[in-house]
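Bear in mind these aren't lab numbers, they're just calculated from the coordinates by the rules spelled out. Just so you know, these numbers come straight off a predicted model, no measurement behind them. For neighbour counting, all protein chains shown are included, and Cβ atoms are generated from backbone atoms with ideal geometry for every residue, glycine included.
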Amino acid sequence: MVLVMMGVVGSGKTTVGTLLSAKLGWQFADADDFHPGANIDKIRQGIPLTDADRAPWLGAMRSAIEQWEKEGKNVVLACSALKHSYREELRAGDAHFVYLKGEGRLIAERLHARRGHFATDTILESQFADLEEPTDALAVGIDRTPAEIVDEIIDKLKLAPVSYPDAAQK
């Protein structure tokens with residue numbers, strides 16, 4: 001199964017996705033790693049990507065999803081997947097979407113507090129403008145801690161977290 005953690009920049013896709021993958025014992029992948037260098041350069045300059053810019057990025061992720069499915073891997077993929085057409089491109093095999101939904105003000109505050117990420121306020125604004133809220137995804141509010149969000153996702157999707165034996169009970 002592939003769970004795509006979707007939402008605008010700063011919504012917690014990577015934070016929640018890495019925590020979720022660790023709790024489930026699944027692999028984690030970040031959509032940023034699938035962008036060609038030209039896209040990263042545009043984003044760093046605050047230039048919103050076009051659908052043409054996104055086509056090879058979406059194609060690379062779809063290929064990865066198909067490969068993970070073929071290999072029987074469970075993966076959490078952090079990806080904005082803002083438009084319905086993008087989600088349709090990524091909908092391969094057993095891929096499911098979790099929409100990390102939040103208010104613009106809260107996300108902007110979180111984005112300003114981050115260090116080392118290449119997105120800007122301009123990118124956030126353009127992503128909210130492009131966002132087509134999904135009707136076929138689990139929507140989860142982001143106004144709580146990442147751990148609480150992960151627990152809600154696991155509960156609502158009826159996923160089984162990895163249980164590690166207590167070393168003290170040996």
For the chain, using Cα atoms only, the Rg and Dmax in Å read 16.2, 57
Round to a whole angstrom and tell me the spacing of the C-alpha centers of region 134-164 and region 1-64. 19
Report ³J(HN,Hα) in whole Hz for each residue of region 42-49, in order, from the Karplus equation J = 6.51 cos²θ - 1.76 cosθ + 1.60 where θ = phi - 60°; Gly and Pro get x. 4, 4, 4, 8, x, 9, x, 6
Return a whole-number percent for the relative contact order of the chain, with Cα pairs under 8 Å and 6 or more residues apart as the contact set. 37
Theoretical FRET efficiency, 1/(1+(r/R0)^6), r = Cβ-Cβ of Thr122 and Arg144, R0 35 Å, to 0.05: 0.80
Assign one of three labels to region 11-62, namely rounded, prolate or oblate, based on the Cα gyration tensor with a ≥ b ≥ c the square roots of its eigenvalues; rounded applies when a/c is under 1.5, prolate when it is not and a/b is larger than b/c, and oblate otherwise. prolate
Looking only at lysines whose Cα falls under 22 Å of Lys156's and that sit 8 or more positions away or on another chain, we get Lys13, Lys23, Lys73, Lys101
Tell me the mean residue ellipticity at 222 nm calculated for the chain from its helices only (DSSP H runs of n ≥ 4, each -39500 (n - 2.57), averaged over every residue, nearest 500). -14500 deg cm²/dmol
Give a quick list of GluC sites (Glu not before Pro) in region 1-103 that DSSP marks as loop, anything other than H, G, I, E or B, with at most 11 other Cβ atoms within 10 Å. Glu103
